[in-house]
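Structure first, then comments.
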Amino acid sequence: MSVYEYIVRTKDLSRVYTMGGTEVKALDDVALDIRRGEYVSIMGPSGSGKSTLFNMIGGLDKPTRGTVFIDEVDMAQLTASELAFLRCRKIGYIFQTFNLIPVMTALENVTLPMVFAGLTTEDALEKGAELLSTVGLGDRRDHKPTELSGGQQQRVAVARALANDPAIILADEPTGNLDLRTGKEIIDLLRQMNEEKKVTVISATHDLKMIDVSDRVVWIRDGKIERIEEREDIQVQVGVMEGEEE
């Protein structure tokens, strides 16, 4: 009997796309168990299937075959409204392109998910301000995305992902549009949130700096899991990234 409590489980997970009459397997019978409270990085080359797996776990796309369980709930059995409720309450999303609403301030972007969840405006504003302070942007809450750097925008996205106290944060290439130093800051911030708030972090990434903060790394290739490694087993492979100072 396993000593771990699993927050995400996938079983026989497959996603097939038809392109020009040809079937392409983006995912091929993937089985993956993710422990509650851990930091997992899903790594692989472009086109390996890592973002497809990310979308399956987040309920952003439906599998062709197989099942995703979130806290033992079969997502395939949920109605559209039940799925929307689960995504709003259980999962926080962070994307490579930040996905902030340009006409809204940082604070308004962070409070938007809380409004959807039914929090009062007063409570949402108070909590949003606290979250922005937590990610180091307490003095930027009235700035719009165009008035913020890329790293600051991604910090707003992290705060927004935490808005409804999710059990899971899904981060899709969260450092993809950032320079090395700023990317490292975001990686460290995600790890800090993972440790302080006990939130499970699942990141689809090709950024090898993620290895430093991950509990486990899932290597995926051609839609299949190639191997899963515990952090301590790959420590010797981690060094200073090219272009980064020691």
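The values are calculated or read from the model by the stated rules, or taken from the named source; none is laboratory data. Nothing here was measured: the structure is a model prediction, and the numbers come from that model. We place every Cβ from the backbone using ideal geometry, glycine too, and count neighbours over all the protein chains shown. Only protein heavy atoms, including side chains, enter the accessible area calculation; ligands, DNA and RNA are left aside. Shrake-Rupley method; radii C 1.70, N 1.55, O 1.52, S 1.80 Å.
Could we say that residue 21 is of a type in the set (Gly, Ala, Ser), open to solvent by 70 Å² or more (accessible area, probe 1.4 Å) and within 13 Å of residue 224 (Cα to Cα) here? Walk me through how you get there before you give the answer.
Numbers: of a type in the set (Gly, Ala, Ser): yes; open to solvent by 70 Å² or more (accessible area, probe 1.4 Å): yes; within 13 Å of residue 224 (Cα to Cα): no.
It is false that residue 21 is of a type in the set (Gly, Ala, Ser), open to solvent by 70 Å² or more (accessible area, probe 1.4 Å) and within 13 Å of residue 224 (Cα to Cα).
From the list 201, 158, which one is closer than 28 Å to residue 84 by Cα and out of contact with any Asp or Glu (no Cβ under 9 Å at 6 or more places or on another chain)?
Among 201, 158, only 158 is closer than 28 Å to residue 84 by Cα and out of contact with any Asp or Glu (no Cβ under 9 Å at 6 or more places or on another chain).
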Single unsatisfied condition, residue 87 versus (1) charged (D, E, K, R); (2) within 27 Å of residue 177 (Cβ to Cβ); (3) in contact (Cβ under 8 Å) with a residue 40 or more places away in the chain; (4) out of contact with any helix residue (DSSP H, G or I) (no Cβ under 8 Å at 6 or more places or on another chain): (3)
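Can you name every residue in the range 111-124 that is surrounded by fewer than 18 Cβ atoms within 10 Å (Cβ to Cβ) and within 18 Å of residue 158 (Cα to Cα)? Full working, then the answer.
Residues of the range 111-124 that are surrounded by fewer than 18 Cβ atoms within 10 Å (Cβ to Cβ), as a first pass: 112, 115-118, 120-123.
Selection gives 112, 115, 116, 117.
Restricting the search to the range 42-58, which residues are touching a Lys or Arg at 6+ places or on another chain (Cβ under 6 Å) and open to solvent by 10 Å² or more (accessible area, probe 1.4 Å)? Full working, then the answer.
So the first thing to find is which residues in the range 42-58 are touching a Lys or Arg at 6+ places or on another chain (Cβ under 6 Å), and the list is 42, 44, 48, 52.
Hits for the range 42-58 are 44, 52.
If you check 144, 127, which single one turns out to be of a type in the set (Lys, Arg), in contact with a Ser or Thr (Cβ under 6 Å, 6 or more places away or on another chain) and more than 27 Å from residue 41 (Cα to Cα)? I'd like the intermediate steps shown before the answer.
Numbers: 127 fails: in contact with a Ser or Thr (Cβ under 6 Å, 6 or more places away or on another chain).
Criteria check complete, one pass: 144.
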Residues that are under 21 Å from residue 207 (Cβ atoms) and open to solvent by 40 Å² or more (accessible area, probe 1.4 Å), drawn from the range 61-104: 95, 96, 97, 99
Selection count where residues are open to solvent by less than 80 Å² (accessible area, probe 1.4 Å) and more than 20 Å from residue 193 (Cβ to Cβ), scope the range 125-148: 3
All positions within the range 24-41 that are touching a Gly at 6+ places or on another chain (Cβ under 6 Å) and surrounded by 24 or more Cβ atoms within 10 Å (Cβ to Cβ): 27
Meets criteria (open to solvent by less than 80 Å² (accessible area, probe 1.4 Å), under 16 Å from the mean Cα position of the chain (by Cα) and within 16 Å of residue 55 (Cα to Cα)) for residue 203: yes
